[in-house]
Amino acid sequence: MRRRSVLLAVPALMLTAAGCGNDSKKSDSAASDSPSASGSPSTSASATPSATPSATPSTKIVSGPVPKVTSGTAFNTKPTVAKGTGTPSTDLAVKTLIPGDGTAVASGDIVQVNYLGQVWSTAKVFDTNFGKTPYAFQTGSQAVIPGFEKAVIGAKQGGRVITAIPPALGYGTSGNAQAGIKGTDTLVFVIDVLNVYTGKDSAKGKVVPQTDANLPKVGTNTDGKAPSLTVPKTKAPTKLVSTYVLEGDGKTVKASDTLVVQYKGVLWDTGKEFDSSYSRHQVTQFPLANVIPGWTQGLTGKKVGSRVMLVTPPALAYKDQANGPVPANATLVFSVDIIAVL
């Protein structure tokens with residue numbers, strides 16, 4: 001099983017069917033707003049969740065001091081970092097080592113990174129994922145320690161930053177004993193920004209004709225805005241429907257994958273929207289195994305870069321249970337853009 005990153009600031013959220021709602025003011029963290037079934041978003045049972053400081057101070061960002069990277073200076077190469085010298089700043093120190101030329105990270109984006117973390121005073125490496133699976137998290141969701149998130153905001157895809165994080169923006173006065181971090185330790189991270197996914201992302205695939213008059217019609221715009229979704233005034237299908245609206249050319253989705261998506265859901269009976277990532281202006285990430293069966297079955301085998309129309313009968317959604325704005329025994333219609341596999 002994959003070991004959970006020491007970066008985590010809070011225990012993993014539990015995904016429940018009640019997570020499906022349409023509140024544009026609600027924070028969208030780790031798929032808590034996706035049409036989900038019960039289960040943890042983490043694939044790891046060997047978690048190292050850490051307590052977030054009870055109050056995060058206002059953050060002043062300074063350019064240093066930060067230790068020197070002595071080798072592995074190229075992007076996406078595991079670095080070696082010298083021990084910190086002198087007294088570290090009590091403010092968050094962030095220095096850009098490689099500018100990057102892609103999208104700049106903003107709050108609410110999903111960012112995929114490689115990183116190495118060590119203690120300022122000893123240069124002891126306590127965590128890294130270089131050479132392993134890239135780590136993805138949603139900014140603004142309190143998924144990682146505050147200093148790490150604040151250091152990433154503004155960095156560009158393809159870029160590298162180094163940051164020195166004071167205890168108040170790390171693990172506080174309690175530290176993280178499991179990682180060997182004391183409450184007085186300043187932490188140093190080198191962070192490579194591999195990918196940035198934003199609320200403006202959209203499927204970009206080839207348009208597939210929608211010819212069945214008995215099925216919903218989905219818009220084919222690729223500007224990152226919510227597509228139209230029109231339900232016919234006919235009887236709802238009793239079996240799952242999963243069809244391409246835009247067919248991408250990316251990798252084929254597996255049931256075990258974690259996806260980045262944009263989506264919109266409406267009720268078949270009324271055409272009323274009950275949930276949408278577009279209303280939050282954020283993409284969403286979730287393990288495909290942790291959502292309603294209609295999504296797991298309907299998106300497995302589809303290709304990244306695609307827009308998929310799903311008609312999900314009650315048996316593959318919330319069955320005879322009402323779920324917020326979704327009544328019992330409801331047939332659900334979704335437009336889902338598969339942006340990426342993490």
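The values are calculated or read from the model by the stated rules, or taken from the named source; none is laboratory data. Values in this document were obtained by computation on a predicted structure and should not be read as measured data. Note: ideal-geometry Cβ built from the backbone for every residue, glycine included; neighbour counts use all protein chains shown.
Checked against the criterion of being under 30 Å from residue 68 (Cβ atoms) and modelled with pLDDT of 95 or more, the candidates 186, 211 yield just one match: 186. Tell me which residues, restricted to the stretch 228-246, are of a type in the set (D, E, K, R) and without any contact (Cβ under 8 Å) to a residue 40 or more places away in the chain. Of everything in the stretch 228-246, those that are of a type in the set (D, E, K, R) and without any contact (Cβ under 8 Å) to a residue 40 or more places away in the chain turn out to be 233, 235. All of (1) under 26 Å from residue 287 (Cβ atoms); (2) modelled with pLDDT of 95 or more; (3) not charged (D, E, K, R) hold for residue 159 with one exception: (1).
Pairs linking a residue in the stretch 247-271 that is over 28 Å from residue 328 (Cβ atoms) to a residue that is of a type in the set (S, T, N, Q) and surrounded by fewer than 19 Cβ atoms within 10 Å (Cβ to Cβ), with Cβ atoms under 7 Å and 6 or more positions apart or on different chains, are 253/300; 254/300. Being within 11 Å of residue 336 (Cβ to Cβ), assigned by TED's automatic domain parsing to the domain that holds residue 226, among the small types (Gly, Ala, Ser) and more than 17 Å from the chain's Cα centre (by Cα) is not true of residue 271.
Restricting the search to the stretch 269-311, which residues are farther than 24 Å from residue 206 by Cβ, in contact with an Asp or Glu (Cβ under 8 Å, 6 or more places away or on another chain) and of a type in the set (D, E, K, R)? Residues satisfying the conditions are 275, 280.
With respect to the conditions (1) closer than 25 Å to residue 340 by Cα; (2) surrounded by fewer than 18 Cβ atoms within 10 Å (Cβ to Cβ), residue 85 falls short on a single one, namely (1). One residue is enough: does the stretch 308-321 have a residue meeting the conditions touching a residue at least 12 places away in the same chain (Cβ under 8 Å) and at positive phi? Within the stretch 308-321, not a single residue is touching a residue at least 12 places away in the same chain (Cβ under 8 Å) and at positive phi. Do we find that residue 90 is of a type outside the set (Phe, Trp, Tyr), surrounded by 14 or more Cβ atoms within 10 Å (Cβ to Cβ) and modelled with pLDDT of 95 or more in this structure? Criteria met by residue 90. Candidates are the residues of the stretch 209-260 that are part of a loop (DSSP other than H, G, I, E, B) and acidic (Asp, Glu); the one that is surrounded by the fewest Cβ atoms within 10 Å (Cβ to Cβ) is 223.
Please determine, by comparing only the residues of the stretch 282-310 that are over 14 Å from the mean Cα position of the chain (by Cα) and among the aliphatic types (A, V, I, L, M), which one is farthest from residue 335 (Cα to Cα). It comes out as 289. When we screen 263, 278 for residues that are in the same structural domain as residue 303 (by TED's automatic domain parsing), of a type in the set (Ser, Thr, Tyr) and buried (at least 22 other Cβ atoms within 10 Å of the Cβ), the only hit is 263.
Residues in the stretch 165-201 that are in a loop (DSSP other than H, G, I, E, B) and crowded, with 18+ Cβ neighbours inside 10 Å: 166, 170, 171, 175, 185, 186, 198, 199, 201. Filtering the stretch 99-130 to residues that are under 26 Å from residue 283 (Cα atoms), surrounded by fewer than 18 Cβ atoms within 10 Å (Cβ to Cβ) and over 17 Å from the mean Cα position of the chain (by Cα) leaves 99, 101, 102, 130. Filtering the stretch 291-309 to residues that are of a type in the set (S, T, N, Q) and either within 24 Å of residue 223 (Cβ to Cβ) or buried (at least 23 other Cβ atoms within 10 Å of the Cβ) (or both) leaves only 306.
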